[in-house]
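Colleague: Take this structure first; my questions come after.
None of the figures in this text is laboratory data; all of them are computed from the coordinates on show. From a predicted model like this one, the values you see are computed outputs, not experimental measurements. Note that each Cβ is placed from the backbone with ideal geometry, even for glycine, and that neighbours are counted across all protein chains shown.
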């Protein structure tokens, strides 16, 4: 039998969740799931190219942190190569993310970035960073900027928090340790959110790190580290809210290790032959969207019809995004050299 | 301002820009309490506080990335590389994020960032502390690369670099920090993209930058004695190159010699030579000549070190050969 790390317990009984909040989280997660399924379809139909990394299974982390604890469009979000759904949760319209995947001029990065480089200054999405761990210090820079505006420029409205997402593989890289040290040293308003999905492509987490409990690594920086069931959006939301409150109070960063799983291969180019059937089935049975749906029904916060209506609505949103992307113009070849310098 | 030492000209540029714009801040190793390894930021932390003159842990790649994030969100960081060679440890952040991110993001973000510090071959500092990273970084799109060479241009160029909305790699030379020069009392800025015509002449164009400008100037009296009038151009902007100034001179002299401190392979001179071939081939009366450092790690031994770098006597003999049509 598969040995899985025991998941931290979380009692939903204590959760304060309104119907509107519950449905918004559900909708955000469904958007992430249906969007990514559509990406797979479009990739296999030859509509998008390159390395495309899907987020299926991990939705509770993006939704729980960004929708559950941050103010999208005000607080900063920093992502990795697996960035479509962080962009969506941060408020980047599905049309712009899909158009970017199609390489179109209307994409959020004007067709210059692609799957691994989603950016939106307007939505305070600092970007998708394609090399593992390189986004971590950049995110700390945004957090430093908030502290600087408050303490040096005297801007009392400067209270943004930065959420920096990365995977278990990044936690063995120097930039992880270097940045955690600086963030704790200077009490930066930042959440380091590790999405521990157990696998760095084909490298099992236990084979890559001396202590697989990533959250414990915070302690050596005098930082709070917490582990959370990353398949439970309400649990993620709870720890993120606590961390955000700590950051806004000037008490510094938090390392959140969300135990989660990707339901697909590393990328659409990965045949996913290494992970065992038992492991996949175990985690598929813990689908975070089904879990929240059941919770909302049990608590009488929603009806089956409510959830179906959301599913239908999101399918329309994603279909509309595909139509928009297909009908959008290609970037103008005369603008090949545009955006190299600030004046362009 | 009266006579000013090179490192104080840099300090004055930073001080003036920090006073002018509260979003400008300095970060790096020992820039604060210690005042910078070469005293370029001496006492600035007392004036501006510890957040504006931020002492960082020794974590080049990550504090560079942090500066990039701060620049993307509205601040104007100046990174001091205690020694520019250390920035090899930050190559990823400089290339992927400082250089390419604006383009990759489709113009979503701009990165007003200066990365400055001493580079070049010093006095027996050993290979790692004697690097010329400008050659390594010149292929990264999105970076501006500037090399200053006098107290006057150091101050005016650094002020412009701080005000520029792009990432600027700003190279100083460890052996020029004690040069002195009378600087203007009034504020001045110098353009980042213009070469400096150091000496007008007619027989040959010498293209150089950083400390090698001074080696060329040391060779000048001997060249004059031999009746040779070289035109000397300090490139200043290593990327983009100032082709207007370079071209005007080549059209006048028809002969080109490049004197540089970087290694020959893949060096700044290699790129300049290729550009001259593409643009000005018909103007040339002789092949372009490059005097570069040897393609070796800089040796510690003083004699070997001297042999590694171009010396004034080599400049004299090579120019003489070039003008005498022996090349």
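Colleague: Apply 1/(1 + (r/R0)^6) to the Cβ-Cβ distance of residue B:226 and residue A:330, taking R0 = 56 Å, and write down the FRET efficiency to the nearest 0.05.
Modeller: Efficiency, rounded to the nearest 0.05: 0.40.
Colleague: Which FRET efficiency, nearest 0.05, do residue A:344 and residue B:181 yield, Cβ-Cβ r, R0 45 Å?
Modeller: It comes out at approximately 0.80.
Colleague: Sorting check: for A:153-162, B:249-258, which peptide has the highest mean count of neighbouring beta carbons within 10 Å, and how do the rest follow?
Modeller: Final packing ranking: B:249-258, A:153-162.
Colleague: Now for a different question. Using a 10 Å cut-off around each Cβ of peptide B:106-114, what is the average number of partner chain Cβ atoms that fall inside?
Modeller: 6
Colleague: What list do you get for A:138, B:5 if you sort them by fewest beta carbons within 10 Å?
Modeller: Details: A:138 31, B:5 15.
By the 10 Å Cβ count, ascending, the order reads B:5, A:138.
Colleague: With a cut-off of 8 Å between alpha carbons and a minimum separation of six or more residues, what is the relative contact order of chain A in percent?
Modeller: Details: 662 pairs, mean separation 79.7, N = 344.
Computed value for chain A: 23 percent relative contact order.
Colleague: Exposure proxy check: A:277, A:110, A:315, A:217 ranked by fewest other beta carbons within 10 Å? It would help to have the intermediate numbers written out before the result.
Modeller: Details: A:277 8, A:110 24, A:315 15, A:217 20.
Going from least to most buried by this count: A:277, A:315, A:217, A:110.
Colleague: Right, here's the next one. For the residue pair residue A:220 and residue A:158, what label-to-label distance in nm results when each label sits 7 Å from Cα along the Cα-to-beta-carbon direction?
Modeller: With each label placed 7 Å out from Cα toward Cβ, I get 3.1 nm.
Colleague: On to the next question. Classify chain B: rounded, prolate or oblate, from the alpha-carbon gyration tensor (a ≥ b ≥ c, eigenvalue square roots; a/c under 1.5 rounded; otherwise prolate if a/b is larger than b/c)? Intermediate results must be reported in sequence, preceding the final value.
Modeller: Details: a/c = 1.76, a/b = 1.62, b/c = 1.08.
Taking the square roots of the gyration eigenvalues as a ≥ b ≥ c, chain B is prolate.
Colleague: Angle between the Cα long axis of helix B:151-163 and the longest principal axis of chain B, 0 to 90 degrees, nearest 10?
Modeller: 50
Colleague: Now for a different question. List the relative contact order of the range B:91-168 as a percent without decimals, with contacts defined as Cα pairs under 8 Å and 6+ residues apart.
Modeller: That works out to 42 percent.
Colleague: From a point 7 Å beyond the Cα of residue A:19 in the direction of its Cβ, which residues of the range A:302-341 have a backbone N at a distance under 15 Å?
Modeller: Inside the label zone: A:302-310.
Colleague: How do A:324, B:281 line up, fewest other C-beta atoms within 10 Å first?
Modeller: Fewest to most other Cβ atoms nearby, the residues stand as B:281, A:324.
Colleague: Another question, if that's okay. In degrees from 0 to 90, rounded to the nearest 10, what is the angle of the helix B:312-323 Cα long axis to the longest principal axis of chain B?
Modeller: Value to nearest ten degrees: 50.
Colleague: Across peptide B:170-179, what mean number of C-beta atoms from other chains lies inside 10 Å of a residue's C-beta? It would help to have the intermediate numbers written out before the result.
Modeller: Details: counts 0, 0, 0, 0, 0, 0, 0, 0, 0, 0.
Counting Cβ atoms of other protein chains within 10 Å of each residue's Cβ and averaging gives 0.
Colleague: Among A:327-333, A:233-239, A:120-126, how do they line up from the highest to the lowest mean number of other beta-carbon atoms within 10 Å?
Modeller: Result, highest mean first: A:233-239, A:120-126, A:327-333.
Colleague: Checking the a/c ratio against 1.5 first, then a/b against b/c, what shape does the Cα gyration tensor give for the range A:172-268? Mind dumping the intermediate values first?
Modeller: Details: a/c = 2.29, a/b = 1.40, b/c = 1.64.
Oblate.
Colleague: Which residue fluctuates most in the GNM of chain A (Cα springs below 10 Å): A:248, A:275, A:262?
Modeller: In this elastic network of chain A, the residue with the biggest mean-square fluctuation among A:248, A:275, A:262 is A:275.
Colleague: Still on this structure, I have one more. Taking 8 Å as the Cα distance limit and 6 or more residues as the minimum spacing, I'd like the relative contact order of chain B as a percentage.
Modeller: Once divided by the residue count of chain B, the mean separation gives 16 percent.
Colleague: For peptide A:112-119, what's the mean number of Cβ atoms from other chains within 10 Å of each residue's Cβ?
Modeller: For this peptide, the per-residue mean of nearby foreign Cβ atoms is 4.
Colleague: Of the residues A:89, A:63, A:267, which exhibits the maximal mean-square fluctuation in a Gaussian network model of chain A defined by a 10 Å Cα contact cut-off?
Modeller: In this elastic network of chain A, the residue with the biggest mean-square fluctuation among A:89, A:63, A:267 is A:267.
Colleague: 7 Å from Cα along Cα→Cβ at both residue A:320 and residue A:211: what's the point-to-point distance in nm?
Modeller: Here the answer is 4.9 nm between the modelled labels.
Colleague: While we're looking at this one, here's another question. Let a ≥ b ≥ c be the square roots of the eigenvalues of the Cα gyration tensor of the range B:196-323; is it rounded (a/c under 1.5), or, if not, prolate (a/b larger than b/c) or oblate?
Modeller: oblate
Colleague: Rounded to the nearest 500, what is the protein assembly as shown's calculated 222 nm mean residue ellipticity when only DSSP H runs of at least 4 contribute -39500 (n - 2.57) each, over all residues? Spell out each step's value before the answer.
Modeller: On the way: 22 runs with 248 residues, N = 671.
Helix contribution divided over all residues of the protein assembly as shown: -11500 deg cm²/dmol.
Colleague: Using R₀ = 60 Å, calculate the FRET efficiency as 1/(1 + (r/R₀)^6) where r is the Cβ-Cβ separation of residue A:281 and residue B:294; round to 0.05.
Modeller: On the way: r = 63 Å, r/R0 = 1.05.
Approximately 0.45, to the nearest 0.05.
Colleague: Quickly rank B:238-244, A:129-135, B:172-178 as a protection proxy: mean count of other C-beta atoms within 10 Å, highest first.
Modeller: In descending order of packing, they fall as A:129-135, B:172-178, B:238-244.
Colleague: Note the angle between two axes, namely the Cα long axis of helix B:212-225 and the longest principal axis of the Cα atoms of chain B, as a number of degrees from 0 to 90, rounded to the nearest 10.
Modeller: 30
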